[in-house]
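What follows is one structure encoded as structure tokens, with my remarks underneath.
The values are calculated or read from the model by the stated rules, or taken from the named source; none is laboratory data. Note that the structure is predicted; figures quoted are calculated from it, not measured. Note: ideal-geometry Cβ built from the backbone for every residue, glycine included; neighbour counts use all protein chains shown.
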Amino acid sequence: MNKDRTRPAGRHDRSRPGTVPPQRPRRPLRPHQWFAERLLAVLSGQRPVHWMLGHTIGEAYDQLAELAPDAPLGAGCGRPVVRTCHGSQPATGVVEAFASIATGEQVRAMAFRLEQGHDLRWRCAAIDLGGERLPALR
């Protein structure tokens, strides 16, 4: 039997109705990528500071509480997004990361440090925002 005869008129693809093409499974986010998204949500005013309460240690929560009211990553047109995020592991249980945050044509830098506790959970220990605005890369 010719499969072309089973397709509705005008349909040229070879897939059958109701079938979903296989998709590659998404890789889980690394801790620094996950934290970059969460920090952005707080520093852009999308989430309250206390959303990070259990995910920070030391002065990091105080830094967030000081920065967040001004929503420093929320200024500009459009919704801010994490453009890139990279991390390095200078010691066991420590990740130092940086991310570029794009809002429309503006790009800001964000750096942060993660430390892994005895319970193996990662927590943010420090946050720093780049002071100068950089032009968007094209």
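Scan region 1-46 for residues that are under 30 Å from residue 70 (Cα atoms), among the basic types (Lys, Arg) and at pLDDT below 95 and the total you get is 1. Candidates in region 122-138 are the residues that are among the basic types (Lys, Arg) and either surrounded by 12 or more Cβ atoms within 10 Å (Cβ to Cβ) or assigned to a strand (DSSP E or B) (or both); of these, the one that is modelled with the lowest pLDDT is 133. Take region 67-91 and flag every residue that is closer than 18 Å to residue 115 by Cβ, free of Cβ contacts under 8 Å to residues at least 24 places away in the same chain and not hydrophobic (A, V, I, L, M, F, W, C). If the condition is that a residue be closer than 18 Å to residue 115 by Cβ, free of Cβ contacts under 8 Å to residues at least 24 places away in the same chain and not hydrophobic (A, V, I, L, M, F, W, C), then 88, 89, 90 are the ones that fit. Here region 65-93 is the region considered, the condition is being more than 19 Å from the chain's Cα centre (by Cα) and either small (Gly, Ala, Ser) or assigned to a strand (DSSP E or B) (or both), and the residue that is nearest to residue 124 (Cα to Cα) is 93.
Looking only at residues of region 85-107 that are within 22 Å of residue 44 (Cβ to Cβ) and hydroxyl-bearing (Ser, Thr, Tyr), we find that the one that is surrounded by the most Cβ atoms within 10 Å (Cβ to Cβ) is 103. Is it the case that some residue within region 51-73 is under 18 Å from residue 32 (Cβ atoms) and exposed (fewer than 12 other Cβ atoms within 10 Å of the Cβ)? Within region 51-73 (the criterion being under 18 Å from residue 32 (Cβ atoms) and exposed (fewer than 12 other Cβ atoms within 10 Å of the Cβ)), the answer is yes, since at least one residue qualifies.
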